[in-house]
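For reference, the structure is listed below as structure tokens.
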Amino acid sequence: MNQHHESTGPADEQQITLRGPAELADALPYLMGFHPNDSVVMVALHGGRGRFGGRLRLGIPQSPQEWPPVAEQLAECLIKGSERRGERPDAIVIFLCQDPAEGESGSQIMERLKPFAQRLRTACGALDVPVLEALCISAGRYWSYCCPDERCCPAEGNQLALPGTSVMAAAAAYAGIQVRGTLREMEARLAPLMNTTVASEQQRALDSAGAELVPKILDEVGRKDVARATLGLARRLMKRLREAPVTVPYASDINDDRLISHDEAAAVILGLQDRETRDKAAEWMEGPEADSALRLWRALSRRCVAPYEEHAAAPLTLAGWVSWSIDDEPGARVALGLALRVDPGYTFAQLLHEACNQGLDPETLRRCLRGERSARTGRRGHRTDRSTRSRAARPTATRRRKTPSGSARPETATTRRRPGQASPSRRGSRSGR
């Protein structure tokens, strides 16, 4: 069996030594921040002591025909991404995690995924990076695809350690690292509402809001009015959520859904399809605003019921951004991954997902958004000063609201309509990404 070492901090701090497949399997949820269901996870190792580096996760492709190209893409993505960050991996560890279907055993899962594991090992080897360990985790047991020794890695697999009993669990608890449940549970917090009655009511609200807002969004002056109304309503909803106590996260989600009406959710969802409006909403990323903003974006993601699923790209991306901004990288990756699942061409989600996976510091983007807000606030204050001077010189003049000039700056990606997708007149306008 192989030995791998994970450092919890700088070289002069305490290090955790992981010995063999058992401790590697137990460490996976702490590496990811959640239990990855139906996933392939690849982790880069650096140096002679096997320091953990970059990692990536992807849902296991259902068709074995997809395994060869997916294996090549994953190997290249992890290795090239590590090189861009300045350190090529010395080795890689692979995890294949999948729960058995009804009537299926963990051993059958292991056998079925064995060709995929071999494809991944071959793809990494082709790029001159060896795979030190490849594990299958299923039904509470683990198997090694690399260790041939039946004494430590029997055909029936080994039982996973009880939660919280390993060295890694103790170290994670000491460091304050939390495992947020399973990937499936995290995605469920962002998935469209399943209650048929509630979903039907939300769809009708989205239909009605689309009929009212689309003509305004297509008009330059009307679009700015919609943007102001969207941001104003979003602020009021955030205040409403902030005043509601948070207890258990999932119970909080149910309460948040009750606090937001169907019409309110529909209006904000459609308003966020405008790129400039979405970018201004992204400024609620830190301090007291961040928590209530994250709750709002999650709630709106759940309101994007059929046939409006693609509209969830905006609130999902905002949820991912706020999560990343407050140092919740697992939550950010899940939300951004879902955004790209509903709209693979959503540019903002693509950029954030890549930056988060590359381990970049979100402070760079936070500074940009702070600058945008400061510049806009400064311009608004300047206009107010001029208006005040004008009223002093001409006390009888009638005040009129000035509408700033300018139009939306479309991003590079183009909006694609999928076969059978409803027309914008029904589903609302999506201006930019």
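Worth a mention:
- Qualifying residue in region 311-329 (condition: open to solvent by 20 Å² or more (accessible area, probe 1.4 Å), in a helix (DSSP H, G or I) and more than 21 Å from LEU206 (Cβ to Cβ)): yes
- Taking residues in region 135-152 that are part of a strand (DSSP E or B) and polar (S, T, N, Q), and partners anywhere that are open to solvent by 40 Å² or more (accessible area, probe 1.4 Å) and at pLDDT below 95, the pairs with Cβ atoms closer than 7 Å and at least 6 places apart or on different chains are SER138/ASP99; SER138/PRO100.
- Scanning region 239-260 for residues that are at pLDDT below 95 and either assigned to a loop (DSSP other than H, G, I, E, B) or among the polar types (S, T, N, Q) (or both) returns GLU243, ALA244, PRO245, VAL246, THR247, VAL248, SER252, ASN255.
- Selection of first residues in region 110-133 that are β-branched (Val, Ile, Thr) and of second residues that are in a helix (DSSP H, G or I) and surrounded by fewer than 14 Cβ atoms within 10 Å (Cβ to Cβ), restricted to Cβ pairs under 9 Å at least 6 apart or on distinct chains, gives the following pairs, ordered by first then second residue: VAL131/GLY125.
- ARG223 modelled with pLDDT of 90 or more, at negative phi, of a type outside the set (Ser, Thr, Tyr) and open to solvent by 80 Å² or more (accessible area, probe 1.4 Å): no
- Pairs, first within 21 Å of ALA299 (Cβ to Cβ) and open to solvent by 20 Å² or more (accessible area, probe 1.4 Å) in region 193-219, second not in a loop (DSSP other than H, G, I, E, B) and not aliphatic (A, V, I, L, M), C-beta under 8 Å, six or more apart: LEU193/GLN202; LEU193/ASP257; LEU193/ARG302; GLU201/HIS262; ARG204/HIS262; ASP207/ARG426; SER208/ASP263; LEU213/GLY271
- Selected residue (criterion: nearest to TRP297 (Cα to Cα)) from residues of region 343-367 that are crowded, with 20+ Cβ neighbours inside 10 Å and of a type in the set (A, V, I, L, M): ALA349
- A residue that is modelled with pLDDT under 90, under 30 Å from LEU206 (Cβ atoms), open to solvent by 20 Å² or more (accessible area, probe 1.4 Å) and assigned to a loop (DSSP other than H, G, I, E, B) can be found somewhere in region 387-402.
- Every residue from region 33-53 that is more than 16 Å from PRO330 (Cβ to Cβ), within 24 Å of the chain's Cα centre (by Cα) and open to solvent by 10 Å² or more (accessible area, probe 1.4 Å): ASP38, GLY53
- Meets criteria (within 17 Å of the chain's Cα centre (by Cα) and basic (Lys, Arg)) for ARG278: yes
- Here LYS216 meets each of (1) part of a loop (DSSP other than H, G, I, E, B); (2) of a type outside the set (S, T, N, Q); (3) in contact with a Lys or Arg (Cβ under 7 Å, 6 or more places away or on another chain); (4) more than 21 Å from ASP291 (Cβ to Cβ) with one exception, condition (1).
- Those helices (runs of 4 or more DSSP H) of region 261-306 in which at least 3 residues are farther than 25 Å from ARG376 by Cβ, considering only elements entirely within it, cover 262-271, 288-302.
- GLU156, sole failed condition from (1) under 25 Å from PRO69 (Cβ atoms); (2) at pLDDT below 95: (1)
- Residue that is least open to solvent (accessible area, probe 1.4 Å) [pool: residues in region 236-264 that are basic (Lys, Arg) and touching a residue at least 12 places away in the same chain (Cβ under 8 Å)]: ARG240
- Every pair of residues 6+ apart whose Cβ atoms lie under 9 Å, when the first sits in region 305-319 and is more than 13 Å from VAL268 (Cα to Cα) and among the acidic types (Asp, Glu) while the second is open to solvent by 10 Å² or more (accessible area, probe 1.4 Å) and assigned to a helix (DSSP H, G or I): GLU309/VAL342; GLU310/VAL342; GLU310/ARG427
- Residue that is nearest to the chain's Cα centre (by Cα) [pool: residues in region 59-70 that are buried (at least 16 other Cβ atoms within 10 Å of the Cβ) and under 22 Å from LEU336 (Cα atoms)]: ILE60
The values are calculated or read from the model by the stated rules, or taken from the named source; none is laboratory data. Predicted model only: the values in this text are computed from it and were never measured. Using ideal geometry, Cβ is built from the backbone for each residue, glycine included, and neighbour counts are taken over all protein chains shown. Areas reflect the complete protein model, heavy atoms only, side chains present, ligands, DNA and RNA absent. Shrake-Rupley method; radii C 1.70, N 1.55, O 1.52, S 1.80 Å.
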